[in-house]
Amino acid sequence: MSKKQIKTTVNGVEHEILVDSTWTLLETLRDQLKLTGTKEGCSNGNCGACTVMVDGQSSCSCLVLAPEANGREITTVEGLADHGHLSPVQDAFVENSGLQCGFCTPGFMIATTALLNDNPHPTENEIRLKLAGNLCRCTGYDKIVRSVQDAAERLNKA
Amino acid sequence: MPNFDYEAPTSLMSALELLAQPGENRPLAGGTDVIDQLKSNRRNADLVVDLKRIPELLNIESNGSGLHVGSAVSCTEVHNFTTEKGGFAALAESTELVGSVHIQNRGSVGGNVCNAAPSADTIPSLLIHEAVAHTASASGEREIPLIDFFAGPGQTVLEKGEILKELVLPTPSANTASAYLRFIPRNEMDIAVAGVGSLIEVDPSTNLVTKARIALASVAPTPVRAYAAEEFLEGTKIDADAIDKTADLAVGSAVPITDVRGSAEYRKELIRVLTRRTLTICLERLA
């Protein structure tokens, strides 16, 4: 096992850190940078609880090695709010009750933010398809889909 | 996770030198299969060589010799490129079916090929489009027709230190259409119970099929071509009866197992239905 010096930007802040070759990005975010908003679920890419953006693209941080983040821009759920003001996606999840226990929510909000960046006017089918990599065991998904539709409206008005 | 070192070389030559060293050296593209396999001790590594800093492996382009897909190009990029350029509908369709969006954003088509799962969604599309695997190692390069690339579940003919460099797909003629369908019990995010890719080239003046390619997923230890079905269809005037006969013949190329995803009998029936449906879609696309 070896350590690697990497430089990575997380939520706009540049970090120069030493990471173990075998750590995942998820472990580095949670255990080293103490950004515990990103959750560990299945740890094999099925559940989406650990979804972050890598250079703007939604990715399972459990399937990214920490040294792969060298030179990349990472966005976690902590990076969505702007100076204490929730993002339109976060507001939409709160106001539409798009969560119950909340464990899957950081992943859903990152996935939603990435989806709406790519496609500002998704249909319900597109929302359900593009968020299929995020599992929720509480809501039955309907309120999440409504939250995403509302978030799209908020962003399109803004 | 096993203890391994990590390197991210920026040239193909230095990657090949690293991979040629003694030990278990594992190339990494998107990592969506490899990292999970390392975590669960299904594959081992002393050294992981990240290929995503090597420009030529990240290149996708179409030129006079066809569509070139570097081995580290993500499914998302292949989907967007083929959707925009056209000509490879089956590949555009299958790259949108691999795992979730998050997996497609990182996982590469080359990695889907090298992982060599019999159920891999992109492989039938690549086979019907007659992809050739261009490989490289410290001792030279090879060109391997993709149908000869697979040795068994999770096994390829790549030798130690040899990697897939790119996949090259010849540009299809204007009278060609392709389609890929798979069956899963839900709408998304699952592994194919069975999958079928079909490609036909039809002479518009005679309506005769001049080329037929049919490839099957999840019904044999490796992805397979349905040669008997292809031979029957070539030279035939394509209509509903010909499609039914072709679908029956495709079933003969399936040698599935019974497992948790479906029985062998069920998988054979799926091959019949999916062959019929993909050929029907091809006809609609040619109309």
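The values are calculated or read from the model by the stated rules, or taken from the named source; none is laboratory data. In this text the structure is predicted, and so the values were computed from the model without any measurement. As a convention, Cβ positions derive from the backbone with ideal geometry for all residues, glycine included, and neighbour counts pool all protein chains shown. Side chains included, ligands, DNA and RNA excluded: accessible areas come from the protein's heavy atoms. Shrake-Rupley method; radii C 1.70, N 1.55, O 1.52, S 1.80 Å.
Structure summary
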item: Members of region A:59-77 found to be touching a residue at least 60 places away in the same chain (Cβ under 8 Å) and under 9 Å from the mean Cα position of the chain (by Cα), listed by number; result: A:C60, A:T75, A:T76
item: Candidate set from region B:27-53 (those that are free of Cβ contacts under 8 Å to residues at least 24 places away in the same chain, within 12 Å of chain A (Cβ to nearest Cβ) and open to solvent by 40 Å² or more (accessible area, probe 1.4 Å)); member that is farthest from the chain's Cα centre (by Cα); result: B:S40
item: Subset tally (residues that are within 11 Å of chain B (Cβ to nearest Cβ) and assigned to a helix (DSSP H, G or I)) for region A:113-135; result: 8
item: Number of positions in region A:1-26 that are of a type in the set (G, A, S) and assigned to a strand (DSSP E or B); result: 0
item: Residues that are outside any loop (DSSP other than H, G, I, E, B) and of a type in the set (G, A, S), drawn from region A:81-101; result: A:A92
item: Within region B:187-216, tally of residues that are of a type in the set (V, I, T), surrounded by fewer than 24 Cβ atoms within 10 Å (Cβ to Cβ) and closer than 21 Å to B:Y266 by Cβ; result: 2
item: Selected residue (criterion: nearest to the other protein chains (Cβ to nearest Cβ)) from residues of region B:200-234 that are within 14 Å of the chain's Cα centre (by Cα) and part of a strand (DSSP E or B); result: B:A217
item: Test: residue in region B:92-102 that is at positive phi, within 14 Å of another protein chain (Cβ to nearest Cβ) and touching a Ser or Thr at 6+ places or on another chain (Cβ under 7 Å); result: yes
item: Which listed residue is within 13 Å of chain B (Cβ to nearest Cβ), charged (D, E, K, R) and not in a loop (DSSP other than H, G, I, E, B), from A:E68, A:E78; result: A:E68
item: Residue tally, condition open to solvent by 60 Å² or more (accessible area, probe 1.4 Å), in contact with a Cys (Cβ under 9 Å, 6 or more places away or on another chain) and among the polar types (S, T, N, Q), over region B:73-99; result: 0
item: Sole exception among (1) more than 10 Å from every other protein chain (Cβ to nearest Cβ); (2) open to solvent by less than 40 Å² (accessible area, probe 1.4 Å); (3) of a type in the set (G, A, S) for A:G12, by number; result: (2)
item: Residue under evaluation B:A15, criteria (1) free of Cβ contacts under 8 Å to residues at least 24 places away in the same chain; (2) more than 9 Å from chain A (Cβ to nearest Cβ); (3) part of a helix (DSSP H, G or I); (4) of a type outside the set (F, W, Y), criterion not met; result: (1)
item: Test: residue in region B:57-72 that is buried (at least 17 other Cβ atoms within 10 Å of the Cβ), touching a residue at least 24 places away in the same chain (Cβ under 8 Å), more than 14 Å from chain A (Cβ to nearest Cβ) and part of a loop (DSSP other than H, G, I, E, B); result: yes
item: Strands (runs of 3 or more DSSP E) lying entirely in region B:113-186 (those with 1 or more residues that are open to solvent by 20 Å² or more (accessible area, probe 1.4 Å) and of a type in the set (A, V, I, L, M, F, W, C)); result: B:132-137, B:150-152, B:176-183
item: Test for B:S253: is it modelled with pLDDT of 95 or more and either crowded, with 19+ Cβ neighbours inside 10 Å or in the same structural domain as B:P145 (by TED's automatic domain parsing) (or both); result: yes
item: Extreme residue, farthest from the chain's Cα centre (by Cα), among residues of region A:109-158 that are among the hydroxyl-bearing types (S, T, Y) and open to solvent by less than 20 Å² (accessible area, probe 1.4 Å); result: A:S147
item: Filter result for A:S21 (in contact (Cβ under 8 Å) with a residue 40 or more places away in the chain, open to solvent by less than 60 Å² (accessible area, probe 1.4 Å), under 30 Å from A:D150 (Cα atoms) and facing chain B (nearest Cβ under 9 Å)); result: no
item: Cβ-Cβ under 6 Å pairs, at least 6 apart or on other chains, region A:43-54 side at the interface with chain B (Cβ under 8 Å from one of its Cβ atoms) and open to solvent by 10 Å² or more (accessible area, probe 1.4 Å), far side part of a loop (DSSP other than H, G, I, E, B) and of a type outside the set (D, E); result: A:V54/A:R72
item: Region A:78-108: number of residues that are more than 17 Å from A:C138 (Cβ to Cβ), open to solvent by less than 80 Å² (accessible area, probe 1.4 Å) and free of Cβ contacts under 8 Å to residues at least 24 places away in the same chain; result: 3
item: Test: residue in region A:141-158 that is over 23 Å from B:L97 (Cα atoms), in contact with an Asp or Glu (Cβ under 8 Å, 6 or more places away or on another chain) and either in a loop (DSSP other than H, G, I, E, B) or within 13 Å of another protein chain (Cβ to nearest Cβ) (or both); result: no
